Every structure is written in structure tokens, then in C-alpha cells.
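Input: a single structure, listed below in C-alpha cells.
The values are calculated or read from the model by the stated rules, or taken from the named source; none is laboratory data. Everything numeric in this text was worked out from a predicted model, so none of it was measured. Quick reminder, even Gly has a Cβ in these numbers, built from the backbone with ideal geometry, and neighbours come from all protein chains shown.
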Amino acid sequence: MNIKIIGSGSYIPEIKVTNQDFHKHVFLNEDGTPLAHTTEVIIGKFKSITGIEERRYVDENLLTSDIAAIAAENAIIDANIDRESIDYIILAHNFGDVKHGKIQADTVPSLATRVKNKLRIKNPKCVAYDILFGCPGWIEGTLQANAFIKSGMAKRCLVIGAETLSRVIDPHDRDSMIYADGAGATIVEESPDDSGLLSYESATFAYDEADYLYFGNSYNKDLDPDTRYIKMYGRKIYEFALNQVPCAMKSCLEKSGIDISDVKKILIHQANEKMDEAIINRFYKLFDLPAPKDIMPMSIHEHGNSSVATVPTLYDLLMKGKIENQEIHKGDVIIFASVGAGMNINAFTYRL
């Protein structure tokens with residue numbers, strides 16, 4: 001038995017924040033000293049490395065659970081199902097609902113419960129819960145849905161990835177330019193044929209790598225020391241991803257029995273353009289092959305890094321024909337992969 005995505009939806013916030021909008025920011029080193037380069041040079045280097053030209057932020061009145069519910073509603077409509085038939089709502093996020101201008105994360109009740117309420121689902125046997133798994137959260141949620149359905153505990157699941165990272169970024173940290181907001185959702189159920197999820201890999205590297213992404217103080221030492229922001233050791237993450245993600249993808253593909261020549265697309269977490277390209281190149285190098293042209297659709301240039309939302313959003317945009325020069329067809333084999341805080345890695349092979 002395989003599980004299959006029967007509907008998808010996403011929410012792309014309307015507020016566009018371009019790289020030029022960061023020109024008035026005062027970027028600092030971790031110790032609070034000014035960076036050696038001008039803001040103009042910093043932004044130029046940022047664009048060349050990440051590929052990000054703009055990112056999307058939510059309106060002041062929206063929360064993570066709000067945009068998660070919008071994406072979920074779109075997925076339900078796309079799947080053309082009765083919402084009361086959903087057995088599980090699995091919502092991946094990292095910071096909960098953070099109101100504009102506030103510093104506290106709100107996770108009681110769970111965001112999944114809030115989404116169920118917003119969707120007006122009455123069925124009490126529709127179980128709603130959150131998972132915290134870093135950027136790979138939506139993929140991990142899909143793997144949990146796979147387990148529920150294969151075990152007979154569920155017939156249909158709603159899996160969501162949503163985040164409003166604009167609420168937890170340090171304006172004095174140049175890494176803040178990476179982050180964005182967004183939500184993506186999918187409906188999954190048992191596949192009637194040999195399509196769907198074929199194999200998977202999942203791992204947590206925490207012996208030395210647990211704190212590569214963390215919550216820390218602003219680089220501006222004059223700001224409230226009790227307020228925390230998302231922080232990362234970018235170089236360590238880059239090296240970790242290049243060493244571990246291609247191997248996980250290779251293992252995942254080999255478990256499926258699919259030849260690499262049959263892989264049509266790779267949907268990878270939209271973290272950093274150069275890092276993602278390096279991961280794909282190294283993955284194909286493990287098979288002594290060059291990476292095919294257009295194998296990796298990208299959304300990061302316009303949407304930034306919205307953490308758990310990047311992969312389901314990318315899938316939805318691809319399915320709806322909204323990514324230029326990219327398309328997929330019935331029967332195509334896709335690899336989904338992600339890496340993020342934990343440090344967590346996962347992947348699955350999927351036949352459309």
C-alpha cells in the first residue's frame with residue numbers, strides 16, 4: 001500500500017519585501033561590532049549566494065494558524081473531499097502563533113487545533129496535533145500520515161507546513177534577509193495503484209549538531225536581552241547539508257528500486273540557492289552523473305525561505321503550473337528532501 005497526495009493548497013503572503021528594503025538596516029557581528037562591509041555590499045553578496053531577490057511577509061493581523069488554515073482550505077477544495085472525512089490534521093511549524101510586535105509564542109491550544117476550528121470540522125475523531133521538526137517538518141508529517149494510513153489508524157490526513165518567520169528575526173543579523181512567511185498543505189490517502197510514496201529516509205543528528213540553529217539574543221547589545229530571535233551557524237549548516245542530505249536521498253532512492261534516470265524532479269527545501277544546487281550536484285555525483293538541467297524547481301527567488309512551508313508550497317505551485325519552465329506529469333517520479341534545525345534530515349521518493 002502507498003499513500004498519495006490527492007489535493008494541495010498554499011498561501012503566499014501579499015507583502016513583498018525586496019532586498020532593497022534592507023538598505024537602512026544596521027547589520028552587526030555576533031559581538032555587536034559593525035560588519036566590515038557596507039550594507040550595499042552585504043546585500044549584493046547575499047543575493048549572489050542565496051538567490052533571494054524578495055520574500056513575502058504576512059499582514060499584521062495574520063498568524064501562523066491563520067495562513068495554515070487558508071492553505072488547508074485550498075487543499076480541501078483542490079482534493080474535492082468532505083472535510084469531515086479527515087482523520088488527522090498534522091501541522092508542522094517551529095514558533096507557534098506570534099502576534100505582530102509581540103515576543104511570546106502562543107501554542108496553547110495547538111495550532112492544529114486552531115486550524116481544525118477555523119475549518120469548522122465537527123468530527124471529534126479528527127485528531128489534530130503539531131510537530132516541531134525544523135524545516136523538514138512537513139515531510140516528517142507526511143511520513144507520520146503514511147504510518148497512520150498503512151497501520152489502519154486513518155484513511156485520510158491533512159498535512160500542513162506553516163511559518164511566520166518575519167516575527168522572530170533579528171533586524172541586525174544579515175541572516176534575517178533569508179527568512180519569509182508562508183503555508184502549504186496537502187491531503188493524503190491510500191493510493192489505488194502503484195503511485196504515491198514509495199520509500200523514505202529520516203534522521204536526527206544531535207550529537208554535535210543540535211545547536212546549529214537556535215534561539216538567541218539580538219546582535220544589537222542595546223536591545224532587550226530577554227527577547228530571542230532565530231539564529232544559525234550558516235557555514236556549519238552548509239557543510240552538514242552537503243555531507244548528509246545527498247546520502248539520505250541516495251539511500252531513499254535505492255530503497256524505492258527506482259533508477260536515478262527515472263527521477264524527473266527533486267523538490268528540496270528552499271533554504272539557499274547555492275546550497276541546494278550543491279546538494280543536487282553532489283547527489284548525482286554519487287551516481288557518477290551530472291545533474292540534469294531543470295531537475296530542481298525553485299521558488300526561493302521570490303518567496304524566500306519559509307521553513308516548513310517551502311516544500312509543500314513548491315509542490316502546490318508546481319502542480320498548478322505556476323513555476324516558469326517547470327512541469328510534472330502523471331507517472332513522474334519525484335524526490336522530496338529537506339534539512340533543518342535538529343539537525344534533521346528527511347526525504348521520500350514519490351510517483352505522481
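Name the residue, out of Y350, Y284, that is more than 24 Å from I49 (Cβ to Cβ) and surrounded by 19 or more Cβ atoms within 10 Å (Cβ to Cβ). After applying the criteria, what remains is Y350. The C-beta contact set for segment 124-135 (first residue outside the structural domain of S110 (by TED's automatic domain parsing), second residue surrounded by fewer than 21 Cβ atoms within 10 Å (Cβ to Cβ), distance under 8 angstrom, 6+ apart or interchain) is empty.
Of all residues in segment 219-236, those that are within 24 Å of T50 (Cα to Cα) have Cβ atoms under 7 Å from Cβ atoms of residues that are among the hydrophobic types (A, V, I, L, M, F, W, C) and assigned to a loop (DSSP other than H, G, I, E, B), 6 or more apart or on another chain, in Y229/V168; Y229/I169; I230/V168; I230/I169. For segment 273-284, the count of residues that are of a type in the set (S, T, Y), at pLDDT 95 or above and under 29 Å from D78 (Cα atoms) is zero. Do we find a residue being buried (at least 17 other Cβ atoms within 10 Å of the Cβ) and within 21 Å of K231 (Cα to Cα) anywhere in segment 30-43? Checked against the condition, which is being buried (at least 17 other Cβ atoms within 10 Å of the Cβ) and within 21 Å of K231 (Cα to Cα), segment 30-43 yields at least one hit.
Screening segment 1-87 for strands (runs of 3 or more DSSP E) wholly inside it with 3 or more residues that are under 19 Å from I139 (Cα atoms) and small (G, A, S) returns the ranges 3-11. With respect to the conditions (1) outside the structural domain of I43 (by TED's automatic domain parsing); (2) more than 16 Å from the chain's Cα centre (by Cα), S202 falls short on a single one, namely (2). If you go through segment 153-177 and pick out every residue that is in contact with a helix residue (DSSP H, G or I) (Cβ under 6 Å, 6 or more places away or on another chain) and in a loop (DSSP other than H, G, I, E, B), you end up with 3. A210 meets each of the listed conditions (1) within 19 Å of A147 (Cβ to Cβ); (2) assigned to a loop (DSSP other than H, G, I, E, B); (3) small (G, A, S) apart from (1). On inspection, D170 does not qualify as within 30 Å of K255 (Cα to Cα) and either surrounded by fewer than 24 Cβ atoms within 10 Å (Cβ to Cβ) or of a type in the set (A, V, I, L, M, F, W, C) (or both).
Conditions tested, residue by residue: (1) touching a helix residue (DSSP H, G or I) at 6+ places or on another chain (Cβ under 7 Å); (2) surrounded by 18 or more Cβ atoms within 10 Å (Cβ to Cβ); (3) of a type in the set (S, T, N, Q); (4) touching a residue at least 60 places away in the same chain (Cβ under 8 Å).
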| residue | (1), (2), (3), (4) |
| --- | --- |
| W138 | yes, yes, no, yes |
| D181 | yes, yes, no, yes |
| D194 | no, no, no, yes |
| F215 | no, no, no, no |
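For segment 142-152, a tally of residues being without any contact (Cβ under 8 Å) to a residue 60 or more places away in the chain and part of a helix (DSSP H, G or I) returns 3.
If you go through segment 116-143, how many residues are touching a strand residue (DSSP E or B) at 6+ places or on another chain (Cβ under 6 Å) and not small (G, A, S)? Matching residues across segment 116-143 total 12.
Of the conditions (1) touching a residue at least 12 places away in the same chain (Cβ under 8 Å); (2) assigned to a helix (DSSP H, G or I); (3) charged (D, E, K, R); (4) within 24 Å of V168 (Cα to Cα), K116 clears all except one; give me its number. With (1) touching a residue at least 12 places away in the same chain (Cβ under 8 Å); (2) assigned to a helix (DSSP H, G or I); (3) charged (D, E, K, R); (4) within 24 Å of V168 (Cα to Cα) applied to K116, the lone miss is (4).
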